[in-house]
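The values are calculated or read from the model by the stated rules, or taken from the named source; none is laboratory data. Since we're looking at a predicted model, the values are computed, not measured. No Cβ is skipped: glycine too gets one built from the backbone with ideal geometry, and neighbour counts run over all protein chains shown.
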Amino acid sequence: MVTEAPYYHQTYQESDVFLHAFRNRIPLLLKGPTGTGKSRFVEYMAHTTGQKLITVSCHEETSSTDLIGRYIIKGAETVWVDGPLTTAVREGAILYLDEVAEARPDVIVAIHSLTDHRRELFIDKLGETVKANENFMLIASFNPGYQRGFKELKPSTRQRFVALNFAYPEAKIETEILVNETGVDKDIAKKLVSIGGKIRNLIELGLSETVSTRLLVDAAKLIHSGLPKRLSCHVAIVEPLSDDEQARESLKDLIDLMI
Ligand code: ADP
């Protein structure tokens, strides 16, 4: 259970979309680059609706067995243990599959019958079909950025979801997020947001991912706890973004001019 209300700044009507999707038993797909508030939004909505939240961070080894469950050996016995998907389906929780496109293809197969009118899960190892509890909700996120060239979500999968697009918030909202999240001075927050905006426009540096709200929040936290401003930006923004010496030097020069 998400017991404390997480801070989440709404940017459009995403909570209405969530509530209506939930009411209509339609799964939700959150698209957008890393660090744009997708996970925070899910926590916030789990708290708002009073639903239990189970999060699975998917990676290339995540398989349907990890989600559905497996037999384990306990002493002299073999016992079945439900995985997070089965638990959520039985108990009626929100299951959040973070970065679902990273998972093995059998994960997508496993969730298919849960994403249409059947709302049921077939557990082949038990020969059992479980009807989803009415409060079960499936949410998945994916980052269209990193999928470039390799892992994509197939249209037939995407079309089983209602989708929300997450992007970097406009400057005023992002400044408010930094102040609220870290307690940093508003002027510093504004400067960090301008740095973020500048770097996001620097396509010529060829960064595979650009500066996210998360990185700006980290820089703000370091500054607020007393680390020098430029050093905070170098370690929270520049180093995580690039290993290329020239790109790093350019980013550092830009930051030193702005803060
Ligand atoms: P994602 O799941 O998209 O990778 P997160 O939800 O983990 O991103 O967000 C990263 C951080 O950015 C959060 O911990 C929070 O500090 C901040 N953040 C981003 N967007 C928002 C928002 N709309 N409201 C509040 N905090 C936000």
Subset tally (residues that are within 13 Å of the ligand (Cβ to nearest atom) and either surrounded by fewer than 20 Cβ atoms within 10 Å (Cβ to Cβ) or among the β-branched types (Val, Ile, Thr) (or both)) for the range 57-73:
1
Scanning the range 20-56 for residues that are within 16 Å of the ligand (Cβ to nearest atom), more than 12 Å from the chain's Cα centre (by Cα) and assigned to a helix (DSSP H, G or I), the one surrounded by the fewest Cβ atoms within 10 Å (Cβ to Cβ) turns out to be 48
I'm told residue 168 meets every condition in (1) buried (at least 17 other Cβ atoms within 10 Å of the Cβ); (2) within 12 Å of the ligand (Cβ to nearest atom); (3) assigned to a helix (DSSP H, G or I) except one. Can you identify the failing condition by its number?
(3)
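Let's see how each residue does on (1) of a type outside the set (A, V, I, L, M, F, W, C); (2) more than 22 Å from residue 61 (Cα to Cα):
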residue	(1), (2)
95	no, no
102	yes, no
108	no, no
120	yes, yes
152	yes, no
159	yes, yes
167	no, yes
Residue among 35, 50, 75 that is more than 27 Å from residue 156 (Cβ to Cβ) and in contact with a Lys or Arg (Cβ under 6 Å, 6 or more places away or on another chain)
35
Give me a count of the residues in the range 134-164 that are exposed (fewer than 13 other Cβ atoms within 10 Å of the Cβ) and modelled with pLDDT under 95.
7
Of (1) within 18 Å of the chain's Cα centre (by Cα); (2) among the charged types (D, E, K, R); (3) surrounded by fewer than 21 Cβ atoms within 10 Å (Cβ to Cβ), residue 90 satisfies all except one. Which?
(1)
